[in-house]
There are 2 protein chains.
Amino acid sequence: MTVPPQAEIDARTKGPGRPRDPEADRAILRATIELLGEEGYEGLSIEGVAARAGVGKTTVYRRWPSKEPLVVDAIKHYKSPVDPAPPREEESTRDALVRVLSHFIRAMGPSESGRMMAGLVAEMSRNVELARAVRTGIVEHRRSFVFAILERGIELGEIRRDVDVEVVADMLAGPIVMRVLLTGGAVTPRLVRNVVDTMLDGIAFRS
Amino acid sequence: MTVPPQAEIDARTKGPGRPRDPEADRAILRATIELLGEEGYEGLSIEGVAARAGVGKTTVYRRWPSKEPLVVDAIKHYKSPVDPAPPREEESTRDALVRVLSHFIRAMGPSESGRMMAGLVAEMSRNVELARAVRTGIVEHRRSFVFAILERGIELGEIRRDVDVEVVADMLAGPIVMRVLLTGGAVTPRLVRNVVDTMLDGIAFRS
DNA sequence: GGGTTGCGATTCTTGGGCGTATCGTATACT
DNA sequence: AGTATACGATACGCCCAAGAATCGCAACCC
């Protein structure tokens, strides 16, 4: 899924005059993501974005009319550096879950999207457009990897057929999100293994 | 645990002059909580708090020097309307978990602390004092009820001894928090039962 | 009753971001 | 060459909140 920037849609690529610098688009979107993590949505200013991107305010306003469309666009273009690999043929469901969640904790690290997500949460409860962009562009994308592994596990007979994959996915990601956003607790590979094993085996005592 | 307001600590309750109106303290703290949910931490203004509380700006500044101590104090005094009842003698661990999590989804509703928590998340990643107040005053308080039930379940032999109660508590609350803060999905009693049963039984297929 | 402090309301200065306009320069099309 | 648009930089008026100061009145102590 490749989304052309609103800027490119609006920009007349034909006709006279100096063409827009595509490098400016990239620098602005990158600066927006960075500052979202550092300042949050409310604290984000167009002036700050322009300064961080090394461009003039004019260059920002020529492309985006205000903060909201800019942030929505930045989120649409945001990609984790790498997606987790699909499960290998011989890989067990447990190992695949550990692997994809380990990938997730790196992606949610403070230098990655963790701080950015925190900066967006407050505004998401007010701003429907923004919330939709985050959900479809980031949250659903990441949950889809867990869905795939769980459904494959059901096919393989390693996972019960009656489980609700959405709920299980949230139970797997929940402790990581809780720690990153709320408790500030440690997010380690050990936590991931613990979560996966607890999820597979349950907590009920069996005699 | 009762925390006297910073205002009361500072206020000279003895000596000459008109005493401070304790109703003003309560109105200010309540307005702060309300506006945190509506505007978020960044959007919260002292002027807005004074207006909502029906007091003058002077009355706020006489008690708190700035926004951060005010919000920290408001959180320290924030109490959910009611805490969940402790587990009854004959109650199963499953029923107790369903009951306490059902209580939790009400407490995290939009008219309760759900929006307030969303409004705080961004600032918590920057503001250590605020983060500590939220964690010790709200998050830990609520987790403690789940801890108690899990540890009781271990005593009763209904829960395995080797589980990590912190991780399990986050796995139980995770789907609720994820939906409230990120996905906006439905938070229903059915979800709670689903989460608890999935947690107890696990998802691994057993022949 | 005099001294002291709290009250709501209002005024004032300061600071910063918004969004527009304008500059001289750069780079494209025709 | 001529025209049109983009560029970074800057200046501008506007608005809003911070935080201090002041006012007349209220409530408490001695």
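The values are calculated or read from the model by the stated rules, or taken from the named source; none is laboratory data. A quick note: this is a predicted structure, and the numbers were derived from the prediction, not measured. Here the Cβ is made from the backbone with ideal geometry for all residues, glycine too, and neighbour counts use every protein chain on show. Side chains are part of the model used for accessible areas, which takes the heavy atoms of the whole protein and leaves out ligands, DNA and RNA. Shrake-Rupley method; radii C 1.70, N 1.55, O 1.52, S 1.80 Å.
Quick look at the numbers
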item: Bins of 5 Å from zero: percent of alpha-carbon pairs in region A:24-68; result: 5, 28, 39, 22, 7
item: P(r) tail fraction, chain A - alpha-carbon pairs more than 32 Å apart, %; result: 29 percent
item: Prolate/oblate/rounded call for region A:102-154, Cα gyration tensor, a/c under 1.5 rounded; result: oblate
item: Inter-copy separations for residue B:80, label at 7 Å along Cα-Cβ, nm, ascending; result: 3.1
item: Buried accessible area, chains A and B (both chains, 1.4 Å probe, Å² to nearest 100); result: 4600 Å²
item: Placed amide H near residue A:159: partners under 5 Å, 5+ positions off or other chain; result: A:154, B:205
item: Residue of chain B whose Cβ sits closest to the axis mapping B onto A, with distance in whole Å; result: B:174, 1
item: Inter-copy label distances at residue A:129 (7 Å, Cα→Cβ; nm, one decimal); result: 3.6
item: Residue-averaged beta-carbon neighbours from other chains (10 angstrom radius) around B:30-41; result: 2
item: Prolate/oblate/rounded call for the protein assembly as shown, Cα gyration tensor, a/c under 1.5 rounded; result: oblate
item: Crossing angle, helix B:93-107 versus chain B [Cα axis fit, 0-90 degrees, rounded to tens]; result: 30 degrees
item: Rounded percent of accessible protein surface that carbon and sulfur make up, the protein assembly as shown, 1.4 Å probe; result: 53 percent
item: Solvent-accessible surface ranking, highest first, for B:144, A:111 at 1.4 angstrom; result: A:111, B:144
item: Folded to 0 to 90 degrees: helix B:165-178 orientation relative to chain B principal axis, Cα; result: 70 degrees
item: Ranked by how many other beta carbons lie within 10 Å on average, peptides A:163-169, A:47-53 from highest; result: A:163-169, A:47-53
item: Per residue solvent-accessible surface (Å²) - chain B, probe of 1.4 Å; result: 48 Å²
item: Charge dipole magnitude, Cβ of K and R +1, D and E -1 - the protein assembly as shown, Cα centre, debye nearest 20; result: 1000 debye
item: Acute angle (nearest 10 degrees) that the helix B:189-201 long axis makes with the longest principal axis of chain B, alpha-carbon atoms; result: 50 degrees
item: Copies compared at residue B:56 - label distances in nm, ascending, label defined 7 Å from Cα in the Cβ direction; result: 4.8
item: Number of partner chain Cβ atoms within 10 Å, mean per residue of B:153-162; result: 3
